[in-house]
Amino acid sequence: MMDAKSHTILVVDDEPEIRKLVTAMLTQRGYRVLTADTGENAIRVMSSHPEIDLLLTDVVSPGMSGPMIADEIAAIKPGIRVLFMSGYDNTQVVQRYVVEKGYSLLPKPFTREELEQRVRDALMGKKASAAS
């Protein structure tokens with residue numbers, strides 16, 4: 001069993017309610033959670049917190065898209081685990097930049113159990129499709 005307390009997750013979403021909900025769900029399971037509301041802020045957080053193990057980001061966001069955020073963060077920390085979330089799981093952007101590149105996608109809305117499973121899988125390096 002993986003020890004959640006040893007993992008730090010950066011949650012990026014422009015919706016404050018989503019950030020609060022996801023943070024609450026993950027901290028209750030023992031994860032350390034940092035948040036950002038924009039891609040630019042996510043890069044700042046990542047730059048000052050190299051201990052971040054997982055980027056959990058929305059695919060669609062104002063300014064920088066989730067895939068752009070992931071690319072920038074991977075340049076700072078190569079090999080970082082990435083999990084995307086989106087309410088638009090069948091759009092061309094999601095298919096092209098998330099699913100086809102082998103990233104995991106957590107479709108919104110999701111349950112606490114789905115979030116926990118996808119986070120565990122992502123931290124362990126497992127790839128999952130949007131349908132699983």
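Only the coordinates and a few stated rules stand behind these numbers; no lab work does. Treat the numbers as computed from the prediction; the structure is a model and nothing was measured. Positions of Cβ are backbone-derived with ideal geometry, glycine not excepted, and every protein chain shown enters the neighbour counts.
Numerical summary
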{"item": "Full-extension gain in nm, Thr91 to Arg112, via 0.36 nm per residue minus C-alpha separation", "result": "5.2 nm"}
{"item": "Residue-averaged [θ]222 nm for the chain, counting only DSSP H segments that reach four residues, each worth -39500 (n - 2.57)", "result": "-10500 deg cm²/dmol"}
{"item": "In sequence order, calculated HN-Hα J values of region 59-74 (Karplus, 6.51, -1.76, 1.60; Hz; x Gly/Pro)", "result": "6, 9, 8, x, x, 9, 6, x, x, 5, 4, 4, 4, 5, 5, 5"}
{"item": "Cut-off under 5 Å, modelled amide H: who pairs with Lys108 long-range", "result": "Ser86, Gly87, Tyr88"}
{"item": "Hz values of 3J(HN,Hα) by residue in region 34-51 - Karplus curve (6.51, -1.76, 1.60), Gly and Pro given as x", "result": "10, 10, 8, 9, 9, x, 4, 5, 4, 5, 4, 4, 4, 4, 9, 9, x, 7"}
{"item": "Semi-axis lengths, Å, the chain, gyration tensor of Cα atoms, sqrt of 5 times eigenvalues", "result": "19, 17, 15"}
{"item": "Nitroxide proxy distance, nm - points 7 Å out along Cα→Cβ at Ala74 and Thr27", "result": "3.0"}
{"item": "Sparse-neighbourhood loop sites, GluC sites (Glu not before Pro) in region 84-126 - DSSP loop, at most 14 other Cβ within 10 angstrom", "result": "Glu100"}
{"item": "Relative packing of 101-109, 44-52, which averages over residues the other C-beta atoms within 10 Å, highest first", "result": "101-109, 44-52"}
{"item": "Gyration tensor verdict on region 58-108 (Cα atoms; rounded if a/c is under 1.5, prolate if a/b is larger than b/c, oblate otherwise)", "result": "prolate"}
{"item": "Shape of region 1-79, Cα gyration tensor, a/c cut at 1.5", "result": "oblate"}
{"item": "Full-stretch length increase - Glu51, Glu17 - with 0.36 nm per residue and alpha-carbon distance subtracted", "result": "9.7 nm"}
